[in-house]
Amino acid sequence: MPALAQRDWSKVEVKATKVAGTVYMLTGAGGNIGVCVGEDGVVIVDDQFAPLAPKIKEALKAISDKPLKFIINTHYHGDHTGSNEVFGREAPIVAQENVRKRLKSGTKFGTRETPPAPKDALPVVTFENNVTIHVNGEDIRAVHFPNGHTDGDAVIYFQQSNVVHMGDDFFNGLFPIIDIENGGGVKGMIRNVDKVLTTLPDDVKVIPGHGPLSDKNGLRQFVEMLRGTSTVVEAGIKEGKTLERLKAEKVLEPWNATWGAGGVKTESYLETLFNDLSRK
């Protein structure tokens, strides 16, 4: 996530794409937003950065004139919860318990320290394992998948529309960020995605945390990349190789062309894997 002060928010376009049934996806800057619309109102999954809240509101109005009913957070990171304070004044925020804890206490992630979030930005409904919101003829099910991207990840199932929002347990066409300081880990991410795949029908539409709209096959390719890259790094660690040696040997080169062109550079992802898999 680049430093917010350096962003020119005026250049960001928030665009809506119809996914299926009641569900749309909004893209802009930061995590993809899931939207469910119908006669009961609007439900959003994640809300990007605070400076984009007016553009997000405009995009929502173009889809539906109904009021906001719920905001669901897939995890605590600011590119998914930054507009919580704005939208939290309009509707209740729902999230896994650890999301509220981390937003309330403030966090450290890499070199970035995030101060405690204001009261309006905090989830007011939290769950440990799962919760279902019944709205717009849709059963929207938020399920906790622990210790993947963070310790508070939720995957959101729009049951009737046959859509799933993976949050940052899925970076489509990109190496992932894994927040090992706040409960994340590559093995947990692999376990989570494998488990989600067993629950999905073949014709499901999959909204990733980052990257273009995808499907079950795209999610499968992502977890195979996670498995392959972590296996090769773990083998190097067992042989006593240092991070510098693994970088010099370009152990992730087979995946670089497909996955390394996006936000997370190959060397940075290698570093994350090394730090994660060499933890005692």
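The values are calculated or read from the model by the stated rules, or taken from the named source; none is laboratory data. Everything numeric in this text was worked out from a predicted model, so none of it was measured. Neighbour counts are summed over all protein chains in view; Cβ atoms, including those assigned to glycine, are modelled from backbone coordinates with ideal geometry.
Regarding segment 186-207, can at least one residue be identified that is modelled with pLDDT of 95 or more, in a loop (DSSP other than H, G, I, E, B), at positive phi and surrounded by 16 or more Cβ atoms within 10 Å (Cβ to Cβ)? Looking for residues that are modelled with pLDDT of 95 or more, in a loop (DSSP other than H, G, I, E, B), at positive phi and surrounded by 16 or more Cβ atoms within 10 Å (Cβ to Cβ), one finds none in segment 186-207, hence no.
Go through segment 80-92 and give me each residue that's outside any loop (DSSP other than H, G, I, E, B) and either polar (S, T, N, Q) or closer than 15 Å to Val35 by Cβ (or both).
His80, Thr81, Asn84, Phe87
Pull up segment 217-237, narrow it to residues that are of a type in the set (D, E, K, R) and touching a helix residue (DSSP H, G or I) at 6+ places or on another chain (Cβ under 7 Å), then point me to the one that is farthest from Asn172 (Cα to Cα).
Glu234
Checking each residue in segment 55-67 for being in contact (Cβ under 8 Å) with a residue 12 or more places away in the chain and either assigned to a loop (DSSP other than H, G, I, E, B) or buried (at least 18 other Cβ atoms within 10 Å of the Cβ) (or both) picks out Lys55, Ile56, Ala59, Leu60, Ser64, Lys66, Pro67.
Would you check if there is a residue in segment 211-223 being among the aromatic types (Phe, Trp, Tyr) and assigned to a helix (DSSP H, G or I)? There is at least one residue in segment 211-223 that is among the aromatic types (Phe, Trp, Tyr) and assigned to a helix (DSSP H, G or I).
Of the listed requirements (1) under 11 Å from Phe158 (Cβ atoms); (2) in contact with a Ser or Thr (Cβ under 7 Å, 6 or more places away or on another chain), Val35 misses just one: (2). Quick one: what pairs do we get from segment 233-250, first residue closer than 10 Å to Phe274 by Cβ, second surrounded by fewer than 17 Cβ atoms within 10 Å (Cβ to Cβ), C-beta under 7 Å, 6+ apart or different chains? If the second residue must be surrounded by fewer than 17 Cβ atoms within 10 Å (Cβ to Cβ), the pairs left are Ile237/Ser278; Leu243/Glu271; Lys247/Glu267.
Looking at Gly211, Gly240, just one residue is surrounded by fewer than 16 Cβ atoms within 10 Å (Cβ to Cβ), out of contact with any helix residue (DSSP H, G or I) (no Cβ under 8 Å at 6 or more places or on another chain) and more than 20 Å from Ala95 (Cα to Cα), and that residue is Gly240.
The residues of segment 158-170 that are surrounded by fewer than 23 Cβ atoms within 10 Å (Cβ to Cβ) and in contact (Cβ under 8 Å) with a residue 40 or more places away in the chain, listed by number, are Gln160, Ser161, Asn162.
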